[in-house]
1. Ordered by packing density, taken as the mean number of other Cβ atoms within 10 Å over each peptide's residues, highest first, how do 180-191, 273-284 rank?
2. Given only helices, namely DSSP H runs of n ≥ 4 each adding -39500 (n - 2.57), what is the per-residue ellipticity at 222 nm of the chain, to the nearest 500 deg cm²/dmol?
3. Which pairs in the list K87/K182; K20/K78; K129/K299; K230/K290; K231/K296 are over 22 Å apart, alpha-carbon to alpha-carbon?
4. Once you put a point 7 Å from the Cα of Y23 and another 7 Å from the Cα of I141, both along the Cβ direction, what distance in nm separates them?
5. Running Debye on the chain with equal point scatterers at the Cα sites and no solvent, what base-10 log of I(q)/I(0) appears at q = 0.12, 0.14, 0.16 Å⁻¹?
6. Ignoring ligands, DNA and RNA, what percent of the accessible area of segment 159-244 is carbon or sulfur (1.4 Å)?
7. What would the Debye formula give as log10 I(q)/I(0) at q = 0.10, 0.17 Å⁻¹ for the alpha-carbon point model of segment 7-159, no solvent?
8. Membrane-span-like helices in the chain: DSSP H runs reaching 24 Å or more (Cα, own axis), mean Kyte hydropathy at least 1.6?
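The values are calculated or read from the model by the stated rules, or taken from the named source; none is laboratory data. Keep in mind the model is a prediction, meaning the values are calculated, not measured. Backbone-built Cβ (ideal geometry, glycine too); neighbour counts: all protein chains shown. To get the accessible areas, we keep the full protein, side chains included, count just its heavy atoms, and leave off ligands, DNA and RNA. Shrake-Rupley method; radii C 1.70, N 1.55, O 1.52, S 1.80 Å.
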Amino acid sequence: MDDELNITYITFGGHVEVDKYKYVYFVIMFIVYILIICSNSTIVYLIWVHKNLHEPMYIFIAALLLNSVLLSTAVYPKLLIDFLSEKQIISYSACLFQFQVFYSLGGSEFLLLAVMAYDRYVSICKPLKYPTIMTKTTVSIFLVLAWVLPACQVAVPAGLSANKKLCNFILKGVFCNNTVYKLQCVISRARLVRDMIIMVNLALVPVLFILSTYTRIFLITYQNGREVRKKAAQTCLPHLIVLLSFSCLCVYDVIIVGLEPVFPEIVHLIMTLQIVLYHPLFNPIMYGLKMKEISKHLKRLFCQAKMK
C-alpha cells in the first residue's frame, strides 16, 4: 500500500525467469501483437474500401475483427511493458479496468457471432425479406448492443470488486482475468450466483442461439438443391469454426484458474498465454481464406503489392 497516494498495487506472479528471458518474451509477444493488428486491420480495410463488401455480413465480420484488436490491446501493451520492467506490478484499479475490458469484449465476441448467425438465417432462409429486415438501422442497433450489453453487465462484478478487502497481493497470472477473485479475502455465494448469471447471458445463451440457428439453416437447406447447401456451408462454416475456437478458449480460461497449483510455473505461463495468442490470429486467417469475396480482394491486394 502506498501511504501517500493510498493506491493498492498488485504483483503479477505468473512470469517465469522474466529477468533472464525478458527480451525473448518481449520480441515474441511484440511480433504476435503486430501480426494481430496487421492481419485484422487488413481485412477491415478491405471491407471498408470495397463497396461490394458493404453488406451486413461483412460489416459484422469487420466488427468482429476490430473487437479482436481491442481485446488484444487490453492485454498486450501492459504485458510488453512488464517484460522490460524490474517489477511486474499494476494498481488494483487498473487491474479491475483490464478485467472489465477483457471480459466485456469477450462477451461482445459471442454476441457478434450470434448476430452473424441471425444474419445468415435471414439471408438464406428468408431471402426476399432480407433487405427489409437487415437495414442499416438494424445493423447499427445490433452493433451497439453487442458492445454495450456486455460492458454494462461486466461492470457490475468489476465495480463491486473495487470495494472488496484483499488478503493477497500476488496475482498468479500475467494479466488480470478471473484470477483477480483469488486476491479477495472472501468469495461470497452471491458473487458466484451473479457471475454465473452473467456468464449465461453473455456466453451460454448466445452459443445456444447460434447452434439452434445454424441447425435450422442446415435443416432447411438440406431440403433444397445442392447449390443452396453449398452456399450455406461456405458462409456458415467459418462462423461455426470461429465459435468453436473461441468457446474452447473461454472454457479454458475458466478451468485454468483451478489448475494453477497442478502444473509447473512455465507450463501454467504457456497455458495462460494461449488465451490471447491464437484466437486474434485465427479470425483473420479464417475469414480471409474461407470467405470467397474477401479472399478475392486479399489476393488482389497482395498481387498489387508484389507488382510495386
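1. By packing density, highest mean first, the sequence is 273-284, 180-191.
2. Value at 222 nm, helices only, nearest 500: -25500 deg cm²/dmol.
3. K129/K299
4. Taking the two extended label points, one gets 5.7 nm.
5. Once normalised to I(0) and log-transformed, intensities are -0.87, -1.11, -1.34.
6. 67
7. -0.49, -1.03
8. Membrane-span-like by this rule: 56-73.
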